[in-house]
Amino acid sequence: MPGFEIFGEEERRQVQDVLDTGVLFRYGFDAARRGHWKALDFEKELAQRLGVAHCHLCASGTAALNIALATCGIGAGDEVIVPPFTFVATFEAVLAAGAVPVFAEIDETLGLDPELLASALTPRTKAVMVVHMCGAMARIDEIATFCKNKGLMLIEDTCQSVGATFRGKALGTFGHIGCFSFDPVKTITCGEGGAVVTDDDRRYELAHAYADHGHDHIGNDRGAETHPIIGYNYRISELNAAVGLAQLRKLDAILAAQRSNKAALKAAMAKFPQISFRRLPDPEGDSATFLTFMLPDEKSARQTARDLNAGGADGCFYYYDNNWHYLRNWHHLKEMKTVAPLPAHLNPHCPDYGRIALPRSDALIARTIAMQIKLGWRQTDLDKRITTIQNVLSR
Ligand SMILES: *Cc1c(COP(=O)(O)O)cnc(C)c1O
């Protein structure tokens, strides 16, 4: 999964270009930068690869979510339907927008269940934020249809699934705006970084302006730029963009390695009748960062994860007990431990997150284990891992 496994000469060369010019800023300094525009190059190449009109590179995946929500017009008191299996950034971004995260059930894709979205709707629902977890797709076509029929904005959190597709179309390009993360442990990394992508010209103009104090970025005299809107600073530095550019150019090789490693492990595991796999609406489009599988019940899943990790197949995550990715252990949210008081308008609307009942999601995540797929595994590593899997699962 993580691009940091394969840092090499390419990353060093890109960073050296930036250091040689001394221009760490992504805008301006046209003469001094001697033709090096790392953020711009990254944006062009990612947009082209994803088949989308616009990309804006920013400071993090979380910044991308903030930009996405703002440019979709999500604000005070609006409700955004989100899944309970994601990363904490999802609900943080919604709250930061002044909006209310409303949790809905997930299905065996580990993403929002399109058939249960309707039960989370209220007159205040403005958007759905779908999260493509662990390298692969939610039922994005059905979710997009639901949003269209209900007149809702659709935001895709594709932070964990760069390079994944659904029927040949890149994840992140199905909704009004898609978000990516290039943080230190993602498929490709900038060190820290993120991006938003959209086909909508106006939304893109808002996105790059919002991410840089509202600057319009017209012309090359920064002092002469106007501020069509109020924004923030969600900029990325050229150093980070340079690392990301080298990584982006390795994405195909990364996906190929992941897919081949995953296929070998999945074949070994498929022989065991107690194992079922995460549902993949389009297996061809899986980026294969994880092999995600289910045991028959919570007890056996917890024990199996423990045994796999202890037996040498490390990187097996049991999300039901972890406090990053599943609602059950988000105690800070359940107790609303904010640094400063929430905006007053949120208080009457925010549900008591300590009392949210999502029995289907609980039952599913309680049985689920995700095994991280590494790039650097050699055949001997795979063989050892397969032996561990066979030992643990035949107990
Ligand atoms: C990593 C991640 C984020 C946040 O990205 P950062 O770059 O770490 O801010 C958001 N959503 C999901 C699903 C993630 O995995």
Can you pull out every residue in the range 165-206 that is at positive phi and away from the ligand (no atom under 15 Å from the Cβ)?
R167, G168
Being in contact with a helix residue (DSSP H, G or I) (Cβ under 6 Å, 6 or more places away or on another chain), crowded, with 16+ Cβ neighbours inside 10 Å and modelled with pLDDT of 95 or more: is that true of A64 here?
no
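Taking the range 95-116 as the search range and keeping residues that are among the acidic types (D, E) and open to solvent by 10 Å² or more (accessible area, probe 1.4 Å), which one is farthest from the ligand (Cβ to nearest atom)?
Step one: of the range 95-116, the residues among the acidic types (D, E) are 105, 107-108, 113, 115.
With open to solvent by 10 Å² or more (accessible area, probe 1.4 Å) added as a condition, the list becomes 105, 108, 115.
Working: E105: 17, E108: 18, E115: 22 Å.
Ranking the candidates gives E115 first.
Just a yes or no: is a residue in the range 213-227 in the same structural domain as S60 (by TED's automatic domain parsing), within 16 Å of the ligand (Cβ to nearest atom) and open to solvent by less than 30 Å² (accessible area, probe 1.4 Å)?
First, the residues of the range 213-227 that are in the same structural domain as S60 (by TED's automatic domain parsing): 213-227.
When the remaining residues are screened for being within 16 Å of the ligand (Cβ to nearest atom), the result is none.
Looking for residues that are in the same structural domain as S60 (by TED's automatic domain parsing), within 16 Å of the ligand (Cβ to nearest atom) and open to solvent by less than 30 Å² (accessible area, probe 1.4 Å), one finds none in the range 213-227, hence no.
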Unmet requirement for E192, which otherwise passes all of (1) modelled with pLDDT under 95; (2) open to solvent by 50 Å² or more (accessible area, probe 1.4 Å); (3) in contact with a helix residue (DSSP H, G or I) (Cβ under 8 Å, 6 or more places away or on another chain)
(1)
Scope the range 139-162; condition buried (at least 24 other Cβ atoms within 10 Å of the Cβ) and either more than 16 Å from the ligand (Cβ to nearest atom) or touching a residue at least 40 places away in the same chain (Cβ under 8 Å) (or both); matching residues
I140, I155, D157, C159, Q160, S161, V162
G376 fails exactly one of the following numbered conditions: (1) in a helix (DSSP H, G or I); (2) under 25 Å from the mean Cα position of the chain (by Cα). What is the number of that condition?
(1)
Would you call E92 among the charged types (D, E, K, R) and within 12 Å of the ligand (Cβ to nearest atom)?
yes
Of the criteria (1) more than 19 Å from the chain's Cα centre (by Cα); (2) over 24 Å from H132 (Cα atoms); (3) surrounded by 15 or more Cβ atoms within 10 Å (Cβ to Cβ); (4) modelled with pLDDT of 95 or more, which one A257 fails
(2)
Out of (1) open to solvent by 60 Å² or more (accessible area, probe 1.4 Å); (2) within 25 Å of the chain's Cα centre (by Cα); (3) over 18 Å from T86 (Cα atoms), what's the single condition that is false for A313?
(1)
Could you figure out which of (1) open to solvent by 60 Å² or more (accessible area, probe 1.4 Å); (2) part of a helix (DSSP H, G or I) isn't true of L333?
(1)
Looking at V88, V102, V131, V94, which one is more than 22 Å from K169 (Cβ to Cβ), among the aliphatic types (A, V, I, L, M) and under 13 Å from the mean Cα position of the chain (by Cα)?
V88
Could you please let me know if A246 is of a type in the set (G, A, S), more than 17 Å from P184 (Cα to Cα) and open to solvent by less than 50 Å² (accessible area, probe 1.4 Å)?
no
Cβ-Cβ under 7 Å, sequence separation 6+ or interchain: first residue in the range 73-99 and not assigned by TED's automatic domain parsing to the domain that holds M336, partner at pLDDT 95 or above and among the basic types (K, R). Which pairs?
I74/K126; G77/R124; D78/R124; D78/K126; E79/R124; E79/K126; V80/K126
Options K299, K337, K384: the member that is at pLDDT below 95 and either among the basic types (K, R) or assigned by TED's automatic domain parsing to the domain that holds I106 (or both)
K337
When every residue in the range 53-75 that is in a loop (DSSP other than H, G, I, E, B) and more than 21 Å from C147 (Cβ to Cβ) is compared, the one farthest from the ligand (Cβ to nearest atom) is A59
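The values are calculated or read from the model by the stated rules, or taken from the named source; none is laboratory data. Fair warning: this is a prediction, and the values are worked out from it, not measured in the lab. Ideal geometry is used to build each Cβ from the backbone, glycine not excepted, and the neighbour counts take in all protein chains shown. These area figures cover heavy atoms from the full protein model, side chains too; ligands, DNA and RNA do not enter into them. Shrake-Rupley method; radii C 1.70, N 1.55, O 1.52, S 1.80 Å.
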